[in-house]
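A short write-up of the structure that comes next.
Bear in mind these aren't lab numbers, they're just calculated from the coordinates by the rules spelled out. No experiment lies behind these values; they were computed from the predicted model shown. So basically every Cβ, Gly included, is an ideal-geometry build from the backbone, and we count neighbours across all protein chains shown.
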Amino acid sequence: MLTAKHAVAGVALIACLLPASAPASTAAGSSTTAGATTRALLRSRELWATIDVCNPPDQPNTVGVRGSMPGDGEAHQRMYMSFRLQYLDSAAKDWVDLASGSSPTFIPVGAAASPRQGGRSFQLVPVPGKPAVTLRGVVSFQWRRGKTVTHRLTRATSAGHMSLAGADPAGASTATCLIG
């Protein structure tokens, strides 16, 4: 449910569509301590978030957010991602979550033995008479052993990444998306 504050943004979040994941092909090494492993994950080129769908003709008013996370080399651990959208509040010059009041839903993307990608698309409806809105995605990543979260990191979307699936058009990767 959107608040009045979010209605000012000029778009309404309708539904989340198409959760998807695709495994990547290379494995990452593990470290002997949790701190060293977290630092290695944080520095990994395989840790990113991007917008790979931004209002294409065949998916109007759709924003696709995709994330990539490195494995930590622990095959018995599992990796999870959650996805959200933020809009740029031009008056405050700050990013604000588009939807509020909900806890993040983490989707499983696979074993932590190797890197994984996952994504989610959001269908939006522009509010007539309101200006276009700049959006970005935020992806939260978790590595878990059973129910215990061993590592957690978050990334805002950035450009220049290669989605293994779902980009429209193929190869699309941007930091932000304008809808309106």
(request) Work out from phi, with θ = phi - 60° and the Karplus expression 6.51 cos²θ - 1.76 cosθ + 1.60, the ³J(HN,Hα) of each residue of the range 89-99, listed in order in whole Hz, and give x for Gly and Pro. (result) 7, 5, 5, 8, 6, 9, 8, 10, 4, 5, 10
(message) Once you place label points 7 Å from the Cα toward the Cβ at residue 89 and residue 162, how far apart are they in nm?
(response) 3.9 nm
(message) At 0.36 nm per residue, and after removing the present C-alpha to C-alpha distance, how many nm does the segment from residue 39 to residue 105 gain when stretched out fully?
(response) 21.3 nm
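Relative to the compact-globule scaling 2.2 N^0.38 Å, provide the ratio for the alpha-carbon radius of gyration of the range 52-95.
On the way: Rg = 16.0 Å, N = 44, 2.2 N^0.38 = 9.3 Å.
Working it through for the range 52-95, the quotient is 1.73.
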(message) Given an 8 Å cut-off on Cα distances and at least 6 residues of separation, report the relative contact order of the range 53-180 as a percent.
(response) 32 percent
(message) Can you work out the Karplus-derived ³J(HN,Hα) for every residue in the range 166-176? Use 6.51 cos²θ - 1.76 cosθ + 1.60 with θ = phi - 60°, whole Hz, and x for glycine or proline.
(response) x, 5, 9, x, 3, x, 5, 6, 10, 7, 9
(message) At a 10 angstrom cut-off on C-beta neighbours, averaged per residue, how do the peptides 126-138, 45-57 rank from highest to lowest?
(response) 45-57, 126-138
(message) Looking at the range 68-180, I'd like the Rg to Rh ratio, where Rg is from alpha-carbon atoms and Rh is Kirkwood's inverse mean 1/r.
(response) 1.02
(message) Take residue 170 and residue 152, extend 7 Å from each Cα along the Cα→Cβ direction, and tell me the distance between the two endpoints in nm.
(response) 3.9 nm
(request) Can you check what the net charge comes to around residue 74, using other residues whose Cβ is under 12 Å from the Cβ of residue 74 (Lys, Arg +1; Asp, Glu -1)? (result) +2
(request) Excluding residue 177 itself, calculate the net charge of residues whose Cβ lies under 15 Å from the Cβ of residue 177, where each Lys or Arg counts +1 and each Asp or Glu counts -1. (result) +2
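Which of the peptides 75-84, 150-159 is most tightly packed, and how do the rest follow, going by the mean number of other Cβ atoms within 10 Å of each residue?
Final packing ranking: 75-84, 150-159.
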